[in-house]
Amino acid sequence: MAKKTAYQRVQAARDSHKISTDELIRGLTTDFFELHGDRSDGDDQAVIGGIGLLKDVPITVVGIRKGADTEENIKRHFGSPEPEGYRKALRLMQQAEKFHRPILALVNTPGAWPDVDAEYHGIGSAIAKCLQVGMQLKVPYISIIVGEGGSGGAIALACGDKVFMFEDSIYSVLSPEGYASIMWKDSSKVQQAAEALNLTPEWLQENGIIDQIIHEYHSGENLGPLRDFLANQFNELANLPIDELLRQREQRYRNF
Amino acid sequence: MLQSRFKMPSRDELKKRMDKIPDNLMKECPICHTTFFSMRMGKQRTCPNCGFGFRITARRRAKITFDTFDEMDADVTVPDQYDDKKYRGKIAKAKKVTGIKESVLTGIGSLDHQKVAAGIMDPFFIMGSLGSATGEKIVRLFEKATTEKLPVVMFTASGGARMQEGIKSLMQMAKVSQAVEAHSKAGLFYLVVLCDPTTGGVTASFAMQGDIILAESHALVGFAGRRVIEQTIMKQPPKNFQRAETVLDHGFIDAIVPRTNLKQTISQFLRLHQREASHG
């Protein structure tokens, strides 16, 4: 199969048939129990969080998700979290730290939800807190970009010890549409923007932004191999003394 | 009689006279729309009517805020790997206008005999955008402050991530957050002053991570760009949306301090956070 162009990759990452965050959670964990709410303002549907077993080890999962149909997509703003979503994720990650549970963050978002209420409720502050706390969580923390990894809204949950990307996923400072409109005042130059942004998993791995590419899993496929892979990764991280874990995470980002 | 003495000047004569008037003699405040003689802005560059702080270079801010200022990492600049001609042109122009080599000026300042690690973003350096060297300078500042047990004061003014540096720019949000948290865990004080404009990736990282967050009067403070929001909600956002006063009302800023009182306020906060010798 010929290699996809950057823009084809963008389309593949956004494909509505792509495996969803919910399916991944169901396929990877057993006894998953979803936990709601940020304990201050609401429960953002774009972010799912909870506790489950990954090969008999309890882990905390947080994930940004799109909807399966239009109705769900409207509720979830097509995968764009509100501040309440980031605060829910943060709450669950801090809880994971308390109970020494590793954290798995699944990311599929074009970016944080850009509207008036999100600003009023402190979207910037909510992302900033996720980053600040995420950097020092004393438990293994793995992030996977599943589909779209757009901007600050993505990095908020993509600052783990390891960051992986699915084959058909993208990760960039801004959407190609946004980039084209800012750089060339022409949002139709999406294809050129996709090239210029270097948003493919291959480029990002070569340049040390992400650690590894995970081959694409489709809806309904057996996630066993991915489960094994993640369990191994968590194991390796869990074997490090906490100070060393934090030092390595620090170093990972210090080098950028 | 008066008429005979006061003759309407000719068109050419008028033009000649107009040319003699220096440009920018009058200034209009973008917030309260008062027009005033530009000299009235004073050294602090504020609107004499509403107190709005006009955008100023980092060098000027260092001068009006600190008694002494020893610059750090003055030569840290955009890496050579970014060789796009248009981008290099922007960098060259920005350096000339601001007199610094990246969008933040960092150093050790003193204020009423109190030592502080200070970062000042420059809105005239490619909109104060967060380049990888910007992140590097800020991280080094925090690292020095952590080692030397100094408080940090950061003046933010930024359009957000620097598009020309792509994902590396985004990574700075995580890199700086890490340094801020290490400084915080050491029990040290971090004061933020949000200046006009503070947006995007800077708002979503170190601008919102201060122990105390102040803002200048009427400064634009937000995350998403106004145009993007307009496209989402398909109408105009409300008046004063993303202004410091509105953000204060929603609970994300400790206080708004007019620029003319900033020096005194910062000094006061530094004094309040001085660690007693007996406490180590």
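The values are calculated or read from the model by the stated rules, or taken from the named source; none is laboratory data. From a predicted model like this one, the values you see are computed outputs, not experimental measurements. Every residue, glycine among them, receives a Cβ derived from its backbone with ideal geometry; neighbour counts consider all protein chains shown.
Checked against (1) out of contact with any Leu (no Cβ under 7 Å at 6 or more places or on another chain); (2) surrounded by 12 or more Cβ atoms within 10 Å (Cβ to Cβ); (3) of a type outside the set (Val, Ile, Thr), B:ALA62 meets all criteria but (1). Looking only at residues of segment B:185-195 that are more than 8 Å from chain A (Cβ to nearest Cβ) and surrounded by fewer than 24 Cβ atoms within 10 Å (Cβ to Cβ), we find that the one that is nearest to the chain's Cα centre (by Cα) is B:LEU191.
Annotation for segment B:212-228: at least one member residue is at pLDDT 95 or above, surrounded by fewer than 24 Cβ atoms within 10 Å (Cβ to Cβ), more than 12 Å from every other protein chain (Cβ to nearest Cβ) and under 30 Å from A:ARG247 (Cβ atoms). Considering segment A:228-256, and only residues there that are part of a loop (DSSP other than H, G, I, E, B) and within 13 Å of chain B (Cβ to nearest Cβ), the residue that is surrounded by the fewest Cβ atoms within 10 Å (Cβ to Cβ) turns out to be A:ASN255. Count of segment B:1-55 residues, restricted to those that are among the charged types (D, E, K, R) and surrounded by fewer than 10 Cβ atoms within 10 Å (Cβ to Cβ), is 7.
Confirm whether A:ILE214 is within 12 Å of another protein chain (Cβ to nearest Cβ), touching a strand residue (DSSP E or B) at 6+ places or on another chain (Cβ under 8 Å) and within 29 Å of B:LYS175 (Cα to Cα). For A:ILE214, the condition - within 12 Å of another protein chain (Cβ to nearest Cβ), touching a strand residue (DSSP E or B) at 6+ places or on another chain (Cβ under 8 Å) and within 29 Å of B:LYS175 (Cα to Cα) - is not met.
With respect to the conditions (1) out of contact with any Asp or Glu (no Cβ under 9 Å at 6 or more places or on another chain); (2) more than 23 Å from A:ASN232 (Cα to Cα); (3) polar (S, T, N, Q); (4) surrounded by 18 or more Cβ atoms within 10 Å (Cβ to Cβ), A:THR70 falls short on a single one, namely (4). Condition check for A:LYS162 on (1) facing chain B (nearest Cβ under 10 Å); (2) surrounded by fewer than 23 Cβ atoms within 10 Å (Cβ to Cβ); (3) within 30 Å of A:THR60 (Cβ to Cβ): one failure, at (1). Given the structure, is B:LYS101 surrounded by fewer than 22 Cβ atoms within 10 Å (Cβ to Cβ) and either in contact with an Asp or Glu (Cβ under 6 Å, 6 or more places away or on another chain) or not aliphatic (A, V, I, L, M) (or both)? So B:LYS101 passes the test.
Taking segment A:191-227, which residues are of a type in the set (Asp, Glu) and assigned to a loop (DSSP other than H, G, I, E, B)? Full working, then the answer.
Narrowing segment A:191-227 to residues of a type in the set (Asp, Glu): A:195, A:202, A:206, A:211, A:216, A:221.
Scanning segment A:191-227 gives A:ASP211, A:GLU216, A:GLU221.
If you filter segment A:183-208 down to residues that are out of contact with any Lys or Arg (no Cβ under 8 Å at 6 or more places or on another chain), among the hydrophobic types (A, V, I, L, M, F, W, C) and crowded, with 16+ Cβ neighbours inside 10 Å, you find that the one that is nearest to B:SER169 (Cα to Cα) is A:LEU197. Here segment A:125-154 is the region considered, the condition is being over 26 Å from A:ASN232 (Cβ atoms), in contact with a Ser or Thr (Cβ under 7 Å, 6 or more places away or on another chain) and facing another protein chain (nearest Cβ under 8 Å), and the residue that is surrounded by the fewest Cβ atoms within 10 Å (Cβ to Cβ) is A:GLN132. Residue selection: A:GLN45 fails the criterion of being over 14 Å from the mean Cα position of the chain (by Cα), part of a helix (DSSP H, G or I) and not hydroxyl-bearing (Ser, Thr, Tyr).
Of all residues in segment A:83-109, count the ones that are of a type outside the set (D, E, K, R) and in contact with a helix residue (DSSP H, G or I) (Cβ under 6 Å, 6 or more places away or on another chain).
Let us first name the residues in segment A:83-109 that are of a type outside the set (D, E, K, R), namely A:83, A:85-86, A:89-90, A:92-96, A:99-100, A:102-109.
Subset that is in contact with a helix residue (DSSP H, G or I) (Cβ under 6 Å, 6 or more places away or on another chain): A:83, A:86, A:90, A:102-103, A:106-109.
Here the count works out to 9.
Inside segment B:258-280, residues that are touching a residue at least 60 places away in the same chain (Cβ under 8 Å) and within 17 Å of B:PHE155 (Cα to Cα) make up a count of 9. Here A:ALA46 fits the description: in contact with a His (Cβ under 6 Å, 6 or more places away or on another chain) and of a type outside the set (Val, Ile, Thr).
Out of (1) touching a helix residue (DSSP H, G or I) at 6+ places or on another chain (Cβ under 7 Å); (2) more than 9 Å from chain A (Cβ to nearest Cβ); (3) under 30 Å from A:TRP184 (Cβ atoms), what's the single condition that is false for B:PRO123? All conditions pass for B:PRO123, except number (1).
If you check B:GLU136, B:GLU181, B:GLU165 for being within 11 Å of chain A (Cβ to nearest Cβ) and in contact with a Pro (Cβ under 9 Å, 6 or more places away or on another chain), only one passes: B:GLU165.
Taking the condition of being farther than 29 Å from B:GLY225 by Cβ and buried (at least 23 other Cβ atoms within 10 Å of the Cβ), how many residues in segment B:121-153 meet it? Residues meeting the conditions: 1.
For segment A:94-110, does any single residue satisfy the condition of being more than 11 Å from chain B (Cβ to nearest Cβ), basic (Lys, Arg) and either touching a Lys or Arg at 6+ places or on another chain (Cβ under 7 Å) or in contact (Cβ under 8 Å) with a residue 60 or more places away in the chain (or both)? Among the residues of segment A:94-110, not one is more than 11 Å from chain B (Cβ to nearest Cβ), basic (Lys, Arg) and either touching a Lys or Arg at 6+ places or on another chain (Cβ under 7 Å) or in contact (Cβ under 8 Å) with a residue 60 or more places away in the chain (or both), which makes the answer no. Listed by position, the strands (runs of 3 or more DSSP E) contained in segment B:1-106 that have at least 2 residues being free of Cβ contacts under 8 Å to residues at least 24 places away in the same chain are B:26-28, B:35-37. Checking the condition within 19 Å of B:GLY160 (Cα to Cα), at the interface with another protein chain (Cβ under 7 Å from one of its Cβ atoms) and assigned to a loop (DSSP other than H, G, I, E, B), which residue from A:LEU157, A:LEU174 passes? On inspection, the qualifying residue turns out to be A:LEU174. Being in contact with an Asp or Glu (Cβ under 7 Å, 6 or more places away or on another chain) and modelled with pLDDT of 95 or more is true of A:ARG91.
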